[in-house]
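Novice: Okay, handing you the structure first.
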Amino acid sequence: MRIPWIFLSTDLLEEVHFETPAGKRLFGVGWRSKGGYEVRNSIFKGFIGERKTISHIVEPGAERVYIFGGFINYLSMLQDKKVQSLSGSVITMNGDRLCDETFYEIQKHNYQEVILLADHDESGDSVKAYFTEELPKIDIRLVDGLSLYDGFNDYNDMIRGISLNGKSGR
């Protein structure tokens, strides 16, 4: 996995060393969450830690929060836009089963607008349905950001040029 230059000097990623159940020692790029790390390398994609949970980058005073399914899509957007951060807070859900925890954080920080950048798949549809139903109940505006990468599963696939049908092209 090639990590773009823009992230090499930031605190977003860490090198994480771990051992597989079979005793093989590995390392990878780690994205910190409250309970451990989402880790990626050329042969491993998974979670290392106590409990899989969200990652939340809080921008003090922000009224807007961007919600990504995973950290690679967030990093892909930063790279694509050639910026170090977005104008607002960021939550990477690190899994579609963490909607309730994400919703709690949205309420806790009094965000007024949620920009949802989920995947174009069954999991992403579930996340979108959850927030479409729940956010209006607490008077928070939902912006569907999925149109930014129509024809692609997620933001990362878009910048890599891998369409939903598996063909290249952006």
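The values are calculated or read from the model by the stated rules, or taken from the named source; none is laboratory data. In this text the structure is predicted, and so the values were computed from the model without any measurement. Heads up, the Cβs are rebuilt from the backbone with ideal geometry, glycines too, and the neighbour counts pull from every protein chain shown. Each accessible area value is taken on the protein alone, full model and side chains, heavy atoms only, with ligands, DNA and RNA left out. Shrake-Rupley method; radii C 1.70, N 1.55, O 1.52, S 1.80 Å.
Novice: Would a scan of segment 90-102 turn up a residue that is of a type outside the set (A, V, I, L, M, F, W, C), within 15 Å of L13 (Cβ to Cβ) and either touching a strand residue (DSSP E or B) at 6+ places or on another chain (Cβ under 8 Å) or in a helix (DSSP H, G or I) (or both)?
Specialist: yes
Novice: Further question on the same structure: Filter segment 22-45 down to residues that are of a type in the set (G, A, S) and more than 20 Å from I72 (Cα to Cα) and give me whichever is most open to solvent (accessible area, probe 1.4 Å).
Specialist: The extreme case among them is A22.
Novice: Now a separate question. Is it fair to say V65 is under 14 Å from the mean Cα position of the chain (by Cα) and part of a strand (DSSP E or B)?
Specialist: Judged against the criteria, V65 is a match.
Novice: So, I115, is that one in a helix (DSSP H, G or I), β-branched (V, I, T), touching a residue at least 12 places away in the same chain (Cβ under 8 Å) and open to solvent by less than 60 Å² (accessible area, probe 1.4 Å) or not?
Specialist: No.
Novice: Taking the criterion of being touching a Leu at 6+ places or on another chain (Cβ under 9 Å) and either surrounded by fewer than 18 Cβ atoms within 10 Å (Cβ to Cβ) or of a type outside the set (S, T, N, Q) (or both), would at least one residue in segment 94-104 satisfy it?
Specialist: The answer is yes; a qualifying residue exists.
Novice: So which of E63, E15, E50, E19 ends up being open to solvent by 30 Å² or more (accessible area, probe 1.4 Å) and at pLDDT 95 or above?
Specialist: Working: E15 fails: at pLDDT 95 or above; E50 fails: at pLDDT 95 or above; E19 fails: at pLDDT 95 or above.
After applying the criteria, what remains is E63.
Novice: Go through segment 138-170 and report how many residues are at pLDDT 95 or above and of a type in the set (A, V, I, L, M, F, W, C).
Specialist: Of the residues in that region, 4 qualify.
Novice: Another question about this same structure. Taking only pairs six or more apart or across chains, which ones have beta-carbon atoms under 8 Å, a first residue in segment 137-158 that is under 25 Å from N110 (Cα atoms), and a second residue that is hydroxyl-bearing (S, T, Y) and open to solvent by 60 Å² or more (accessible area, probe 1.4 Å)?
Specialist: Close Cβ pairs satisfying both conditions: L142/T132.
Novice: Go through segment 66-89 and give me each residue that's surrounded by fewer than 16 Cβ atoms within 10 Å (Cβ to Cβ) and over 20 Å from I106 (Cα atoms). Quick ask: steps written out before the conclusion?
Specialist: Just the residues of segment 66-89 that are surrounded by fewer than 16 Cβ atoms within 10 Å (Cβ to Cβ), to begin with: 80-85, 87.
Once the filter is applied, which keeps residues that are surrounded by fewer than 16 Cβ atoms within 10 Å (Cβ to Cβ) and over 20 Å from I106 (Cα atoms), segment 66-89 yields D80, K81, K82, V83, Q84.
Novice: Filter segment 118-137 for residues that are of a type outside the set (G, A, S) and open to solvent by less than 60 Å² (accessible area, probe 1.4 Å) and give the result.
Specialist: D119, H120, D121, V127, Y130, F131, E134, L135 - these are the residues of segment 118-137 that are of a type outside the set (G, A, S) and open to solvent by less than 60 Å² (accessible area, probe 1.4 Å).
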